[in-house]
Amino acid sequence: MEELSYKEEIEALRDDPQFEAKGDELYMSHKDDYARLEWAFYRPSGSHPDQVSDINPMVSIMAFNHSRLGAFERFSRVHPDVITKEHLRVKIRNRSRMLFRAMVDDDFKELISVLEFAPVFLDLACDQVINGRIWNESYADLEAASAFLGLVEDKLDKNLTQGIKRRLQPIKKFNYDEAKAYLETLVLLVQNLHSFIKSHYVEEYTKWLETVSLHPLQRIALEKKIELLKE
């Protein structure tokens with residue numbers, strides 16, 4: 001009887017109600033790299049975290065691309081050679097772009113964790129800040145955005161500057177109470193904020209004050225807090 005390939009073996013198991021459990025038992029720690037590679041591709045609920053950490057870079061790459069883990073866990077588990085060697089890193093390029101797009105569209109916290117772990121992806125992060133669409137109204141955490149600015153200070157051109165501003169909480173539609181509360185948050189964090197963010201909000205609040213009608217005492221109170229953002 002002709003011996004089945006690993007692909008054929010796996011496909012023969014597909015109708016078994018214990019398909020994934022049996023596949024894990026048979027192939028997760030298989031001595032043949034190719035068997036582990038095939039299972040990283042076919043595993044129905046996405047690759048197992050241990051597969052992303054496989055000792056073989058190609059198995060690790062396959063598992064990375066088919067994983068459902070969050071971005072940081074995925075990047076921190078992938079074989080180190082995949083991070084450090086460009087010819088391997090290119091094999092996770094498309095999935096990495098999707099992950100960075102999601103991190104940039106979120107609050108930047110996980111983005112910073114990934115970039116601190118793997119700074120080689122900084123250019124990809126900048127590209128997504130500049131070109132990625134904003135899919136939701138989840139704006140960047142102020143301290144995480146400040147950390148990102150610290151990483152990209154030598155790359156801050158017009159396009160990147162605009163990309164970062166698009167991901168900061170806008171205030172132009174705030175009412176007085178909302179504007180006051182957010183300004184108080186900025187003041188509380190002022191020691192941890194990058195100068196770019198402080199300057200941005202000084203400018204935005206100055207514009208906002210020109211568009212609203214306030215009691216003189218309210219205006220004075222806000223202006224005093226705005227001064228605290230100036231360096």
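The values are calculated or read from the model by the stated rules, or taken from the named source; none is laboratory data. The structure presented is a predicted model; accordingly, all values stated were derived computationally and were not measured. Note that each Cβ is placed from the backbone with ideal geometry, even for glycine, and that neighbours are counted across all protein chains shown. To get the accessible areas, we keep the full protein, side chains included, count just its heavy atoms, and leave off ligands, DNA and RNA. Shrake-Rupley method; radii C 1.70, N 1.55, O 1.52, S 1.80 Å.
Anything in segment 130-151 that is closer than 14 Å to E110 by Cβ, open to solvent by less than 50 Å² (accessible area, probe 1.4 Å) and in contact with a helix residue (DSSP H, G or I) (Cβ under 9 Å, 6 or more places away or on another chain)? List them, or say none. Result: A140, D141, A144, A145, A147, F148.
With E73, E20, E9 as the choices, which residue is among the charged types (D, E, K, R) and under 20 Å from F121 (Cβ atoms)?
Details: E20 fails: under 20 Å from F121 (Cβ atoms); E9 fails: under 20 Å from F121 (Cβ atoms).
On inspection, the qualifying residue turns out to be E73.
Taking residues in segment 92-108 that are more than 21 Å from D141 (Cα to Cα), and partners anywhere that are buried (at least 20 other Cβ atoms within 10 Å of the Cβ) and β-branched (V, I, T), the pairs with Cβ atoms closer than 9 Å and at least 6 places apart or on different chains are I92/I61; I92/V78; I92/V82. Listed conditions (1) surrounded by 12 or more Cβ atoms within 10 Å (Cβ to Cβ); (2) acidic (D, E); (3) at pLDDT below 95 are all met by E2, apart from (1).
Within segment 64-109, the residues that satisfy the criterion of being open to solvent by 80 Å² or more (accessible area, probe 1.4 Å) and either hydrophobic (A, V, I, L, M, F, W, C) or over 16 Å from the mean Cα position of the chain (by Cα) (or both) are P80, T84, K85, E86, H87, K91, M98. Scanning segment 64-82 finds no residues that are in contact with a His (Cβ under 8 Å, 6 or more places away or on another chain), at pLDDT 95 or above and either within 30 Å of D141 (Cα to Cα) or of a type outside the set (A, V, I, L, M) (or both). The C-beta contact set for segment 77-88 (first residue under 15 Å from V59 (Cβ atoms), second residue open to solvent by less than 90 Å² (accessible area, probe 1.4 Å) and part of a loop (DSSP other than H, G, I, E, B), distance under 7 angstrom, 6+ apart or interchain) comprises R77/S53; H79/D54.
If we scan segment 174-184, do we find a residue that is surrounded by 14 or more Cβ atoms within 10 Å (Cβ to Cβ) and either in a loop (DSSP other than H, G, I, E, B) or touching a residue at least 60 places away in the same chain (Cβ under 8 Å) (or both)? For segment 174-184, residues surrounded by 14 or more Cβ atoms within 10 Å (Cβ to Cβ) and either in a loop (DSSP other than H, G, I, E, B) or touching a residue at least 60 places away in the same chain (Cβ under 8 Å) (or both): present.
Considering only residues of segment 195-222 that are charged (D, E, K, R) and modelled with pLDDT under 95, which is least open to solvent (accessible area, probe 1.4 Å)? Break it down into steps so the answer makes sense when it comes.
Taking segment 195-222 first, the residues charged (D, E, K, R) are 198, 203-204, 207, 210, 219.
Among the residues that remain, those that are also modelled with pLDDT under 95 are: 210, 219.
On the way: E210: 146, R219: 66 Å².
Only one residue tops the list, namely R219.
D154 passes every criterion in (1) in a helix (DSSP H, G or I); (2) modelled with pLDDT under 95; (3) under 16 Å from A71 (Cβ atoms) apart from (3).
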